[in-house]
Amino acid sequence: MMRMRVLVILPHPDDGEALLPCTIYQLVQAGHDVTMALATSDQYGTKDPAFKGRRMERIRKAEMRQAARVYGLRPDGTPKLRLAWIGFVDGHTPKTRPALERIQQLIADVRPHLIFGGDPSTPSTSTPTT
Amino acid sequence: MNIGWLTLWAVQRLPASQRPRLWLYQSYKWNLHLRIRWRDAKVAWQGFGVHKTQSHLASIKLMNLGRAMLHFAIQRVFTTWPTENFREVKWVPGEHRLTSFTNRFARVFFKAAKYGQPERGRYLPSPQTLGLSITPALQYDRPVNE
């Protein structure tokens, strides 16, 4: 079986676990090289103003790194799932040429055979600008 | 939604010979049903349970539950096994264009129900106030070429 490079592009940490966890799990378990790219670090993922921003970013990144371990571990104890951080700001992801070039760079780095992306024609329930 | 458009445009701009397959999740116009095993479903709960900061957002969870129930009900009609559904983008002329799945009536309904609109104040204060900006470069937890 050919070992595929798979790129999953998601707006926030936890979207992978909410939207396509079993597909990612089965790909990882089948030995494919899966990279999960998070567009933002969910800097606005709380109602508490004291946590918004860098503080929330640190927490959400730590949670995502912990969640990556659920999909399986390599012999050295690191997650089989590779995480990539695209670096946009939650709720303020621009549809601009520099932003597009960032995604093109990601695809050029990973060189995937298969990409999972969000369907832009589906109304977002919470974050239309991410 | 914006990241969905960026992904679509980035793949669309690649030469046809280098273009990877693009499968869209969270689509209501799916054409792929990937069968999942019930025993793998626990990964969803284990993985989502780690995101403890999000467990109190009851409204979002309810919406996700409603969407999951809708998906589950529909996919049970068309398939006999639990599946995760995707839309594979067909790169043939006229087929790659995405149009909204909603008609005019549905748009009015969604607007009235404030579906797809963030709660008031969710993205305040501004990123500048919080000292946030787009990071200078992509970051990988593990090298991509290993």
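Since every read-out is calculated from the coordinates, none of them should be taken as a lab result. As the structure is a prediction and not an experimental result, all values here were calculated from the model. Counting neighbours? That spans all protein chains shown, and the Cβs are built from the backbone with ideal geometry, glycine included.
Couple of notes before you dig in:
- With a simple spin-label model that places each label point 7 Å from the Cα along the Cα-to-Cβ direction, the separation between residue B:124 and residue B:19 comes to 4.3 nm.
- Per-residue mean of C-beta atoms belonging to partner chains within 10 Å, peptide B:122-133: 6
- Per residue of peptide A:101-111, the mean number of Cβ atoms on other chains within 10 Å of the residue Cβ is 5.
- Listed pairs A:61/B:111; B:29/B:111; A:47/B:52; A:80/B:52; A:61/B:42 exceeding 24 Å between Cα atoms: A:61/B:111
- Neighbour-count ranking [beta-carbon atoms within 10 angstrom, fewest first] of A:73, A:114, A:81: A:73, A:114, A:81
- Mean ellipticity per residue at 222 nm, deg cm²/dmol - from DSSP H runs of n ≥ 4 across chain A, formula -39500 (n - 2.57): -10000 deg cm²/dmol
- Shape of region A:5-116, Cα gyration tensor, a/c cut at 1.5: oblate
- Average other protein chain Cβ within 10 Å of Cβ, residues B:13-23: 4
- Listing A:85, B:91 from fewest to most neighbouring C-beta atoms within 10 Å gives B:91, A:85.
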